[in-house]
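Reviewing the structure listed below.
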Amino acid sequence: MKRTEIGVALLGFGNVGSGTYRALEENFALIEKKVGAKVVIKKILVRRLDAARRIDVPAELLTTNFEEILKDPKIDIVAELMGGINPATGFIKAALTAGKHVVTANKAALALSLPEFNKTAAFHHAMLRYEASVCGAIPVIGCISRALTGNRITSVKGIVNGTTNYILTRMAAEGASYEDVLKDAQALGFAEADPTGDVEGYDAANKLSVLIAAAFGVYRAPDSFERVGITGVTMDDLAAAESEGKVIKLLACAEEKDGQIEAYVKPVTVEKDSFLGRCGSEFNAVQIDCNMAGPIFLQGKGAGPEPTGSAVMGDIIEIAQAIVNGTEHAQPVTALM
Ligand code: HSE
């Protein structure tokens, strides 16, 4: 019997959870047409029922009990949007094991456990999708894994953290202080709960690990390559770069050389008038080099509730369409070789 409704649970209702809720609410009728069924949020897992929220939602959607979601047969897709390693990693595994499809924006959990998540999803015939984990709204995982899959990718490099790009852009343009701009980035919903992850490059390293798996089909743990953040970048460094027509960007790069993947995350001085040099504020940019398509340039908002919610919805819709068409499958989006 054809499905008329696809049930979704959100785990977490912070910046990304509320952005996803907004994206579904705003485009509900359009999404229904595309899927051929209503996509409905059935439950939202929160830490506290009485916490202040970015947007209002019906109280009956909220729960503090993950088991309730796991056992609910009306929930087809679990969207893990809480971030952090624990309890998110356990929730992702439990949902896949229960045969639920999973969408996650959690680069930290993916960077630690992608091979295990893939195996669990395959074993339980569940779909696992994570476009929102890298570069917010930019469809970089889909681009690499689907559109460019007929290529041998030789390098992926870019600006993959919105908070640090926002900070460096405003420090260079306005001479604004690091502390003030970081506070603004937190208020705008770009920064992680603990912004150390952003400014010390851990977030970019996690995203690079996910990108390496997509581009090269190998798993590289984020602590296996060089990682330097932006806390050592001074106003003098920015002014010196400016005087030469350059800017400093936190770059994440991975390149295949003689069968080995060389990777790093670190501040790099680039020409102001270059693809990466022109990418400012919370925008992200990625250049992918490959052997058939030539260079591909992607740019868009890399952080923020609605841009990230847009990417989450893209994955939810792909899975919902598969459920409606009876083509649900366990094929991982990133096949590790
Ligand atoms: N803190 C992250 C960033 C959020 O600034 O890029 C999006 O992953």
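Between His125 and Met292, residue separation times 0.36 nm minus the direct Cα-Cα distance comes to 56.9 nm.
Please go through the residue pairs Lys33/Lys71; Lys2/Lys33; Lys2/Lys34; Lys43/Lys74 and name each one whose alpha carbons sit more than 18 Å apart in this structure.
Working: Lys33/Lys71 28 Å; Lys2/Lys33 14 Å; Lys2/Lys34 15 Å; Lys43/Lys74 10 Å.
Cα-Cα > 18 Å for Lys33/Lys71; rest within.
Protein-only accessible surface at a 1.4 angstrom probe places the residues Glu67, Glu282 in the order Glu67, Glu282, largest first. For q values of 0.12, 0.13, 0.14, 0.22 Å⁻¹, compute log₁₀ I(q)/I(0) with the Debye formula on a Cα-only model of the range 112-200, without solvent. Relative scattering, expressed as log10 I(q)/I(0), comes to -0.56, -0.63, -0.70, -1.11.
R0 = 25 Å: FRET efficiency of Asp180 with Ala240, Cβ-based, nearest 0.05? Show your work: numbers first, answer last.
On the way: r = 22 Å, r/R0 = 0.87.
Step by step, r from the Cβ atoms, then E = 0.70.
Charging the Cβ of each Asp and Glu at -1 and of each Lys and Arg at +1, and nothing else, the dipole of the range 126-183 about its Cα centre rounds to 360 debye. Model label points for Lys71 and Leu188, set 7 angstrom from Cα along the Cα-to-Cβ axis, are 4.5 nm apart.
Solvent-accessible area of Glu255, all protein chains in place: 80 Å² (probe radius 1.4 Å, heavy atoms, ligands and nucleic acids excluded). Straight-line cross-link reach from Lys183 at under 30 Å between alpha-carbon atoms covers these lysines, not counting any fewer than eight positions away in the same chain: Lys107, Lys157, Lys207, Lys246, Lys249, Lys266, Lys272, Lys301.
For the chain, give the percent of accessible area contributed by carbon and sulfur heavy atoms, probe 1.4 Å, rounded to a whole number.
The computed percentage sits at 52.
May I ask for log10 I(q)/I(0) of the range 140-302 at q = 0.18, 0.20 Å⁻¹, from a Debye sum over the Cα atoms as equal point scatterers with solvent left out? For the requested q values the scattering log ratios are -1.08, -1.28.
In the context of the full set of protein chains, residues of the range 140-302 present 43 Å² of accessible surface per residue (probe radius 1.4 Å, heavy atoms only).
Between Leu49 and Ala98, the FRET efficiency from the beta-carbon distance, with R0 = 25 Å, is close to 0.60.
In order along the range 160-173, phi translates into HN-Hα couplings of 10, 10, x, 4, 5, 5, 4, 5, 5, 5, 6, 4, 6, 7 Hz, rounded to whole numbers, per the Karplus curve 6.51 cos²θ - 1.76 cosθ + 1.60 with θ = phi - 60° and x for Gly and Pro.
Once the other residues with Cβ under 11 Å from the Cβ of Gly83 are scored (Lys, Arg +1; Asp, Glu -1), what is the net sum? If you can, show how the numbers build up before the last one.
On the way: positive: Lys107; negative: Glu80, Glu192, Asp194, Asp203.
Around Gly83, the charge tally is -3.
The alpha carbon centroids of the range 123-177 and the range 258-337 are separated by 4 Å.
Net charge around Ala320, counting only other residues with Cβ within less than 14 Å of its Cβ (Lys, Arg = +1; Asp, Glu = -1)? Can you show the working numbers first?
Numbers: positive: Lys2, Arg3, Lys33, Lys34, Lys38, Lys42, Lys74, Lys100, Arg129; negative: Glu5, Glu32, Asp76, Asp315, Glu318, Glu328.
Residues near Ala320 contribute +3 overall.
Relative to the longest principal axis of the Cα atoms of the chain, helix 15-26 runs at roughly 60 degrees.
Our compactness index for the range 1-151, the C-alpha radius of gyration over the empirical 2.2 N^0.38 Å, is 1.03. Largest first and in whole Å, the equivalent-ellipsoid semi-axes of the chain read 33, 23, 17, each the square root of five times a Cα gyration tensor eigenvalue. The largest accessible area among Tyr202, Tyr264, Tyr21 belongs to the first residue in Tyr202, Tyr264, Tyr21, and the rest follow in falling order (1.4 Å probe, all chains).
Could you put Met82, Met292 in order of accessible surface area, largest first, with the 1.4 Å probe and the full protein assembly present?
Details: Met82 70, Met292 145 Å².
Order by accessible area, largest first: Met292, Met82.
The values are calculated or read from the model by the stated rules, or taken from the named source; none is laboratory data. Here the structure is a predicted model, which is why all the values come from computation and not from measurement. Don't worry about glycine lacking a Cβ; one is built from the backbone with ideal geometry, like all the others, and counts go over all protein chains shown. Keep in mind that these areas ignore ligands, DNA and RNA; they rest on the heavy atoms of the full protein, side chains included. Shrake-Rupley method; radii C 1.70, N 1.55, O 1.52, S 1.80 Å.
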